[in-house]
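Remarks on the structure that follows.
The values are calculated or read from the model by the stated rules, or taken from the named source; none is laboratory data. Predicted model only: the values in this text are computed from it and were never measured. Don't worry about glycine lacking a Cβ; one is built from the backbone with ideal geometry, like all the others, and counts go over all protein chains shown.
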Amino acid sequence: MTEFGGGIRALQGTVPEYIVVEGPMGVGKSSLARRLAEQFNADILFEQPEENPFLERFYRSREKYALPTQLHFLFQRCQQMKTLQQRDLFHSSVVGDFLLEKDRLFAQINLDEDELHLYDQIYKHMSPELPRPDLVIYLQASVSVLMQRIRHRGIDAEQDIHGDYLKSLCDIYSQFFHSYARSPLLVVNAENINYVDNDDDFNMLLKHILSIKSGRHYFNPLSERK
C-alpha cells in the first residue's frame, strides 16, 4: 500500500465511505478502484462481466444478443446493489466500479425501441433504492486511447469492439455526467496518468480525492505537472 504524503492516517476522516469509479470500457476504472480499495483498506464492489454468458456473443452480433446481455447485467447489478444496501457501510469503506444508473446508458445505445420499453418496465420493478455514493470519479479518455488499452489487455471477447461503438459510449457518458448532481463528482482526464504503476501519479490523484467535500471538480494531470 502506498503511503500518501505524511501518511494516509492523518487524513482518515476525509476518506469517503462509498466511492464509485465510472467511465467507458478500457478507461481503467477497475484498476483505479482496486488500488483505492487497497489504499483505504476498503471492500470492493466490482462488475463481473466474465459471468455474463451472452457478452462474447453480443460483441459479435449486437442486434441479436443485446437484450439478453443487457438484462443479465441488470439482474446482476441490482443484486449487487441489494447486497450493498444490507451491509453496514460504517463497518468499512466500499469502492465500486459501476453506478446502477449507467446500466440504462448501455440499454439506450444497444436496444431497439420495443426492447428498451421492455427493459424500462423491468428496471422499474427491479431496481432497489440506490445508496448515494460519497464520491463519484468519472474517468475520461479519447476513443483512440480506449481502443489501444482494450487491445493491450487482450480479453478475447472484447477484440470485436469497434471504434464507433466506443464513441457512442463516450458520448452518452458525457451527456449523463454533464448533468449528474446526485453525489460529489470528480472528472479525471485519464489519458496521461498511470495511477496503477506510478506512485507519484496515484498520490497526486489521491490528494484531490481526499480534498473533495461537495460539488463538481476536474483533475487534469498535465496541468498539475506544469
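Condition test on residue 47, is it in contact (Cβ under 8 Å) with a residue 60 or more places away in the chain and under 27 Å from residue 181 (Cβ atoms)?
Here the answer is no, as residue 47 does not meet what is asked.
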Criterion: modelled with pLDDT under 90 and not basic (Lys, Arg) - qualifying residue of 97, 160, 134: 160
Any hit, region 107-119, residues being surrounded by fewer than 19 Cβ atoms within 10 Å (Cβ to Cβ), assigned to a helix (DSSP H, G or I), in contact with an Asp or Glu (Cβ under 7 Å, 6 or more places away or on another chain) and aliphatic (A, V, I, L, M): no
Criterion violated by residue 110 - all others in (1) under 24 Å from residue 61 (Cα atoms); (2) modelled with pLDDT under 90 satisfied: (2)
Filter result (hydrophobic (A, V, I, L, M, F, W, C) and surrounded by 17 or more Cβ atoms within 10 Å (Cβ to Cβ)) within region 205-226: 205, 206, 209, 210, 212, 219
Qualifying residue in region 70-81 (condition: over 16 Å from residue 133 (Cβ atoms), part of a loop (DSSP other than H, G, I, E, B), under 18 Å from the mean Cα position of the chain (by Cα) and not β-branched (Val, Ile, Thr)): no
Residue within region 204-226 that is farther than 27 Å from residue 61 by Cα, free of Cβ contacts under 8 Å to residues at least 40 places away in the same chain, of a type in the set (S, T, N, Q) and in a helix (DSSP H, G or I) present: yes
Subset of region 185-213 (residues that are in contact with a Lys or Arg (Cβ under 7 Å, 6 or more places away or on another chain) and either under 22 Å from residue 52 (Cβ atoms) or not aliphatic (A, V, I, L, M) (or both)): 195, 202
The listed residue being modelled with pLDDT of 95 or more, touching a helix residue (DSSP H, G or I) at 6+ places or on another chain (Cβ under 7 Å) and within 14 Å of residue 23 (Cβ to Cβ), out of 146, 186: 186
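Rundown of residues vs (1) surrounded by fewer than 20 Cβ atoms within 10 Å (Cβ to Cβ); (2) in contact with a Pro (Cβ under 7 Å, 6 or more places away or on another chain); (3) in a helix (DSSP H, G or I), yes/no style:
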| position | (1), (2), (3) |
| --- | --- |
| 104 | yes, no, yes |
| 122 | yes, no, yes |
| 128 | yes, no, no |
| 138 | no, no, no |
| 146 | no, yes, yes |
| 164 | yes, no, yes |
| 168 | yes, no, yes |
| 186 | no, no, no |
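Quick test for you: out of 50, 63, pick the one residue that is among the acidic types (Asp, Glu), over 15 Å from the mean Cα position of the chain (by Cα), within 18 Å of residue 169 (Cβ to Cβ) and part of a helix (DSSP H, G or I). Full working, then the answer.
Working: 50 fails: within 18 Å of residue 169 (Cβ to Cβ).
Testing whether each residue is among the acidic types (Asp, Glu), over 15 Å from the mean Cα position of the chain (by Cα), within 18 Å of residue 169 (Cβ to Cβ) and part of a helix (DSSP H, G or I) leaves just 63.
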